[in-house]
Amino acid sequence: MSDIQTQEDLYLLVDEFYKKLLADKTISYIFTDVVKIKLEEHLPILVTFWSQGILGTGGYSKNLTQIHLDVNEKEYLSPELFSIWLNHFYNSVDENFKGEKAERIKTQALSIATVMQIKILNQKKEEI
Ligand code: HEM
C-alpha cells in the first residue's frame, strides 16, 4: 500500500469516504435531507480542499467552519455525528493508503473537527 501522492489519490479517498457516509443512516440524512449535496460537484471541492492541506496546492478559499456552522443551524452537528464522520474518514484512509501523508490527513481532519466542535459549542452558548 502506498501513500497519498496525487489529486487522483485524494479523489479515490473522498469517493470511498462519501460511499461510507451515504451508506450509514446515522449520518447520511445530513447530506441527503438537511443539505442536498450534489456529489459530482461536492467531491471535486473536497479534493481541492485536501490537496491544499496535504499536497500544498492552492485553490480553496472558503470559510469551512462557517459553512459547517450554517449546517449546524439547520441540524445540530452533535459530538456523535463528528465521531461517526471521523471514524469513516480514518477507515477510508487506512483501507487505501499508508505513509506520512496518510497520517497527516487524519491528524488534520481531527484538528479541524475539534475547532468546528468548539465553534458549535460557542454558538450554542450564545443562544442561551
Ligand atoms: C459531523 C461532521 C460533519 C458533517 C455532518 C459535515 C457535513 C457537511 C455538509 C452537509 C456539507 C455541505 C455544505 C453545503 O454545501 O452547504 C459539507 C461540506 C464540506 N465539509 Fe463537512 N461535515 C462534517 C465535518 C467536516 C470536517 C471535520 C471536515 C474537514 C476536516 C469537513 C470538510 C468539508 C468540506 C471541505 C466541505 C466542502 C465545503 C465547500 O463547499 O466549500 N467536514 N460538510
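Bear in mind that the values in this text are calculations on the coordinates, not laboratory data. This one's a predicted model, so the numbers in the text were calculated from it and none came from an experiment. For neighbour counting, all protein chains shown are included, and Cβ atoms are generated from backbone atoms with ideal geometry for every residue, glycine included.
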Take THR32 and THR57, extend 7 Å from each Cα along the Cα→Cβ direction, and tell me the distance between the two endpoints in nm.
3.0 nm
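What dipole magnitude, in Debye to the nearest 20, does the range 7-127 give about its Cα centre under +1 on Lys/Arg Cβ and -1 on Asp/Glu Cβ? The partial results should precede the final answer.
Details: 14 positive and 18 negative charges, 44 e Å.
Dipole about the Cα centre, nearest 20: 220 debye.
Residues with beta-carbon under 10 Å from that of ASN87, excluding ASN87: net charge, scoring Lys, Arg +1 and Asp, Glu -1? Provide the component values of the computation, followed by the final result.
On the way: positive: LYS20; negative: ASP24.
Here the charged neighbours net out to 0.
Which whole-number percent gives the relative contact order of the range 16-128, counting Cα pairs below 8 Å spaced six or more residues apart?
Values: 57 pairs, mean separation 34.1, N = 113.
The value is 30 percent.
How do VAL115, VAL93 rank when sorted from fewest to most other Cβ atoms within 10 Å of their own Cβ?
Values: VAL115 13, VAL93 21.
So the residues, fewest neighbours to most, are VAL115, VAL93.
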Dipole of the range 1-126, positive end: most advanced residue of ILE54, PHE17, VAL71 [Cβ charges, Cα centre]:
VAL71
Reachable aspartates and glutamates from LYS20, Cα under 19 Å, same-chain residues fewer than 8 places away excluded?
GLU8, ASP9, ASP33, GLU40, GLU41, GLU80, ASP94, GLU95
Mind telling me which of ASP24, ASP15, ASP33 comes out most flexible in a GNM of the chain, alpha-carbon contacts under 10 Å?
ASP33
